[in-house]
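The values are calculated or read from the model by the stated rules, or taken from the named source; none is laboratory data. No experiment lies behind these values; they were computed from the predicted model shown. Counting neighbours? That spans all protein chains shown, and the Cβs are built from the backbone with ideal geometry, glycine included. In case anyone asks, the SASA skips ligands and DNA or RNA and just uses the protein heavy atoms, side chains included. Shrake-Rupley method; radii C 1.70, N 1.55, O 1.52, S 1.80 Å.
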Amino acid sequence: MDRAATAERIAVLIAPFNKKGIAVTDATTFSGDLEFDSLTVMDFVAAIEDEFDIIISMNQQAEIETYGQLVDAVVRLQG
Amino acid sequence: MSGAIDLFDKFQPIIDMRAGLLASGVEDPFGLVMERVLSPTVAICNGRETILLGTYNYMGMTFDADVIDAGKQALDDFGAGTTGSRVLNGTYAGHKAVEQALKDFYGMDHAMVFSTGYQANLGIISTVAGKGDYIVLDIDSHASIWDGCKLGDAEVVPFKHNDIEAMEKRLKRIPEGAGKLVVLEGVYSMLGDIAPLKEMIAVAKANGAMVLVDEAHSMGFIGPNGRGVAEDQGVLDQVDFVIGTFSKSVGTVGGFCVSNHPKFEILRLVCRPYVFTASLPPSVVATAATSIRKLMHAGNKRAHLWENSRTLHAGLKQRGFQLGTEAPQSAIISVIMPDLERGAAMWEALLREGLYVNLARPPATPANMTLLRCSLCAEHSAEQVQTIIGMFERAGKATGII
């Protein structure tokens, strides 16, 4: 799946977690802009993992701070 | 000095939270001092005689006469400490004896004793799962399990608490050829709920994973021989590593791992939290060995502990408290508070009544809950349990919780 198609599917998944309804761009940060706490991160990561049938280990999550980095990681993890 | 960053700035949010809590006038829940300890269930705290309901001293072994005698004898015979690592000068006859007691208690081939339960998880998890391996663990795992993951080099994959399907999905996604370690707990200490180990271990094994179960909060009273939740559910033989502690039912301090793995003994040379620390003092291993052997024959105490757990659970539920589990599943009864402020007020009201429980707050708690955790002891009398329920009722009404 290419980056645009992946981003489109992630956009759908992020909507229920985007409580303040902010406009999400590649530069949007999860902890800062979206104010995700650790519980939200877990639920959101689980939703992404199940949608794409991948694993995003905690080690990999530590490298992902922005929405753009997440999309890149999911593209990469799908092989 | 201008421009120097204070490394303590990162702690400001928790400094503020603590200051806010104390400003409301409550006694510091994290600064309690036990001035005298009268028995496994009663101490003098802040000048008041207080019933202890938050000590994890499940079997009341801390004041057992045989246990204390064994400790005194070891102090006389072997001195106050070993001043050395287990792999250098720190293995005494007592360390071998307590490992033998553990092998007998669990019916397993190998036992390795650490200086604390925290170090047992830290050491075994970080050593067994290495680079390229995967650790699949419950999101509500104890801090020592998370820290073991952090110390090691494996990929760490958490799943939703007690969710068999979520665990299975993640196991199936792990790349072909990678080593897998599933980490579970028998009893989860925050809510006092148990894990469906039978189903989870079957899934883990079907997916080629080794299994580690932390039975810290079940040893001594869950299972036909007190070996824990895995024994109770008939799957102890499927567990590769059982982690446990001496600081709960055993009544002293220390941690351990028991296993039937044929190559287990090599861990003594490669496990850094085992090698690079001093071994337990002779008196501690002597008390632990005596206590473990007595726990093998503690059927009556076990039955009384379960009675206490059922009575407290029913009593609190009937008075309108919200509890962590629908029915009592362990010796931990967790009372859910609406928020930290009212939880702290309730905690203090209980202390003034003469009752000590654990106040647990985020981030240590699941779903950011504030909890009053009660851990029962086999030495609590039926009368004490009724007294405790009365204290909860008065404090709950005074603080508007019920």
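Diffusion coefficient of chain A by Stokes-Einstein, Kirkwood radius over Cα pairs, 20 °C, 1.002 mPa s: 171 µm²/s. Per residue, the protein assembly as shown exposes an accessible area of 44 Å² to a 1.4 Å probe, with every protein chain left in place. Distant-in-sequence amide contacts of B:VAL37, defined by a placed amide H-H separation under 5 Å and a gap of 5 or more residues or a different chain, comprise B:ILE44.
The residues of the stretch B:150-190 occluded by other protein chains by 40 Å² or more of accessible area, set against the chain on its own, are B:GLU155, B:VAL156, B:ARG170, B:ARG173; surface from heavy atoms, 1.4 Å probe.
Under a model in which nothing but the beta-carbon of Lys, Arg (+1) and Asp, Glu (-1) is charged, the protein assembly as shown shows a dipole of about 860 debye around its Cα centre.
Positive end of the dipole of chain B (Cβ unit charges, origin at the Cα centre): among B:ILE388, B:GLY3, B:ALA288, the Cα lying farthest that way belongs to B:ALA288. Annotation for B:ALA327 and B:ALA19: the two label points, set 7 Å from Cα along the Cα-Cβ direction, are 4.9 nm apart.
Given the options B:MET61, B:ALA111, B:GLY130, identify the residue whose Cα lies farthest towards the positive end of the charge dipole of the stretch B:36-147 (+1 on Cβ of Lys, Arg; -1 on Cβ of Asp, Glu). Farthest towards the positive pole: B:GLY130. Burial annotation for the stretch A:26-42: residues with an accessible-area loss of at least 30 Å² between the isolated chain and the complete set of protein chains, computed on heavy atoms with a 1.4 Å probe, are A:LEU39, A:MET42. Taking a point 7 Å from the Cα of B:ILE402 along the Cα-to-Cβ direction, the residues of the stretch B:312-330 with backbone N closer than 14 Å to it are B:312-324.
Exposed loop sites, defined as GluC sites (Glu not before Pro) outside DSSP H, G, I, E and B with at most 13 other Cβ atoms within 10 Å, are absent from the longest region of chain B, namely B:1-175. Over chain B, DSSP H runs of length four or greater, each weighted -39,500 (n - 2.57), average out per residue to a 222 nm ellipticity of -12000 deg cm²/dmol. Association of chains B and A removes close to 1200 square angstrom of accessible area from solvent, both sides included, for a probe radius of 1.4 Å.
For the stretch B:179-249, the Cα gyration tensor yields ellipsoid semi-axes of 20, 12, 11 Å (square root of five times each eigenvalue, largest first, whole Å). Using the Cβ-Cβ distance between B:GLU199 and B:ALA4 with R0 set to 41 Å, the FRET efficiency from 1/(1 + (r/R0)^6) comes to roughly 0.15. Considering only trypsin sites (Lys or Arg not before Pro) in DSSP loops that have at most 16 other Cβ atoms within 10 Å, the longest stretch of chain B without any of them is B:1-130.
Report, for chain B, the % of DSSP beta bridges that are antiparallel, rounded to 5. Of the beta bridges lying entirely in chain B, close to 60 percent run antiparallel. Taking the square roots of 5 times each eigenvalue of the Cα gyration tensor of the protein assembly as shown, largest first, gives ellipsoid semi-axes of 38, 31, 22 Å. Taking only protein heavy atoms and a 1.4 Å probe, the accessible area of chain B is 55% carbon and sulfur. Within chain B, the proportion of Cα pairs with more than 31 Å between them is 41 percent.
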